[in-house]
Amino acid sequence: MYHLGLTGYPLGHSISPRLHAAALRHYNLDGEYRLYPVDPGDDQALAALLGEVRSGKLDGLNVTIPHKQTVIPLLDGLSPLAAAIGAVNTITLAEGWLLGENTDAPGFLFDLERELKLGIPGKAVVMGAGGAARAVVHGLCSNDWQVVIAYRREDRAQALELAGSAGHAHAGTEVRTVLLEAGSLIVECVPGILIVNATPVGMSPNVDSTPWPSGLNFPEGASVYDVVYSPRETMLVKQARRVGLQAVTGLGMLIEQAALAFSLWTGKEPPGAVMRAAAEAE
Ligand code: NAP
């Protein structure tokens, strides 16, 4: 019997239980995937929950906002990828050791390739400098993209820039930061760029908001990936599609990161297609 779950706060909107239930059914495994909301700052409750993984009561735990970074000091170790990104979204127990992994970065890259089929890496503007941006920037840098981080708060963007360039200081990779506003972004807007929203702007219930600065035109031939997955079509994606650009929201990334986490816990092939069908049936 697999006891799996997700911690974060708030968790009311999560479709993860449905995705994992479908995967358990598909592989004919007994199990459950439950939500464990833990208030921001309640380190005691977070530590107690991790104790359940350590004792074997829980076989695996996913971590989401706001605990992806705060959970790190409570673990025994990190995978090289989670260490490079500086954020954890999946926890496993390996020979008594609590290990943190990050499946957001490979989940993003997998879905980016499948949905937008961009081929050769080029220039990307990533809006935001939080947990999702860390995974996105790391994924893009490790695939030789030139990344411009568009930030609201400079300290977070600089930390990200450091993380990105320190991990991939090889020829061809470049990470820079600019202010997220029209005047700064206009010079970055060359034809064919990839624009990624890694802020929560546009997420339900604030569905009329967009992170793209008003008055700034999308560059010709740009592609848009919005990591926000609720609503299914965000305002940013609507704006881009309206001018004929290809644009997708992050449901596929959510599914792929979940499939990779499931695979880590159970040893089964990542059940991306099964989870996608479950999400679409909702
Ligand atoms: P986070 O760690 O709180 O970071 C959010 C970032 O967005 C911060 O850099 C923040 O700026 C910036 N931001 C927030 N509001 C803004 C605004 N009005 N204008 C400009 N920038 C703003 O959150 P996160 O974990 O990165 O999550 C971000 C979004 O990604 C959420 O909607 C989450 O659901 C989604 N997500 C999706 C997936 C997926 O699988 N599809 C995975 C992870 C996350 P400051 O630094 O100035 O605070």
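The values are calculated or read from the model by the stated rules, or taken from the named source; none is laboratory data. Since the structure is predicted, the reported quantities are computational estimates derived from the model, not experimental observations. FYI the Cβ positions are ideal-geometry reconstructions off the backbone, even for glycines, and counts take in every protein chain you see. Please note that ligands, DNA and RNA were not included when accessible areas were found on the heavy atoms of the full protein model with its side chains. Shrake-Rupley method; radii C 1.70, N 1.55, O 1.52, S 1.80 Å.
Annotations for the structure displayed:
- Among residues of region 62-88 being more than 16 Å from the ligand (Cβ to nearest atom) and part of a strand (DSSP E or B), the one that is least open to solvent (accessible area, probe 1.4 Å) is 77.
- The lone exception for residue 258 - which of (1) outside the structural domain of residue 26 (by TED's automatic domain parsing); (2) near the ligand (Cβ under 10 Å from one of its atoms); (3) of a type in the set (A, V, I, L, M) it fails: (1)
- Complete set of residues in region 53-84 that are in contact (Cβ under 8 Å) with a residue 24 or more places away in the chain and among the charged types (D, E, K, R): 54, 57, 59, 68
- Summed over region 233-248, the residues that are without any contact (Cβ under 8 Å) to a residue 24 or more places away in the chain and either in contact with a strand residue (DSSP E or B) (Cβ under 6 Å, 6 or more places away or on another chain) or among the aliphatic types (A, V, I, L, M) (or both) give a count of 2.
- Residues (open to solvent by 40 Å² or more (accessible area, probe 1.4 Å) and either touching a residue at least 12 places away in the same chain (Cβ under 8 Å) or within 19 Å of residue 274 (Cα to Cα) (or both)) located in region 34-51: 34, 35, 36, 37, 39, 40, 43, 47
- Filter result for residue 99 (open to solvent by 50 Å² or more (accessible area, probe 1.4 Å) and within 12 Å of the ligand (Cβ to nearest atom)): no
- Taking strands (runs of 3 or more DSSP E) as the structural unit, those lying wholly within region 140-251 and holding at least 2 residues that are modelled with pLDDT under 95 correspond to 146-151, 174-179.
- Number of the exception - residue 218 against (1) within 13 Å of the ligand (Cβ to nearest atom); (2) open to solvent by 30 Å² or more (accessible area, probe 1.4 Å); (3) of a type in the set (Phe, Trp, Tyr): (1)
- The single condition among (1) near the ligand (Cβ under 9 Å from one of its atoms); (2) open to solvent by 30 Å² or more (accessible area, probe 1.4 Å) that residue 208 does not satisfy is (1).
- Tally, over region 232-255, of residues that are over 21 Å from residue 110 (Cα atoms) and within 11 Å of the ligand (Cβ to nearest atom): 0
- Pairs, first assigned by TED's automatic domain parsing to the domain that holds residue 180 and farther than 19 Å from residue 243 by Cβ in region 201-216, second within 10 Å of the ligand (Cβ to nearest atom) and open to solvent by 50 Å² or more (accessible area, probe 1.4 Å), C-beta under 8 Å, six or more apart: 204/13
- Within region 12-33, tally of residues that are open to solvent by 80 Å² or more (accessible area, probe 1.4 Å), at negative phi and more than 20 Å from the chain's Cα centre (by Cα): 3
- Top-ranked residue in region 102-146 [being charged (D, E, K, R), touching a residue at least 60 places away in the same chain (Cβ under 8 Å) and surrounded by 21 or more Cβ atoms within 10 Å (Cβ to Cβ); ranked as nearest to residue 75 (Cα to Cα)]: 104
- Residue count, region 259-276 (criterion: surrounded by fewer than 15 Cβ atoms within 10 Å (Cβ to Cβ) and part of a helix (DSSP H, G or I)): 1
- Every residue from region 112-139 that is in a strand (DSSP E or B) and more than 8 Å from the ligand (Cβ to nearest atom): 123, 124, 125, 126
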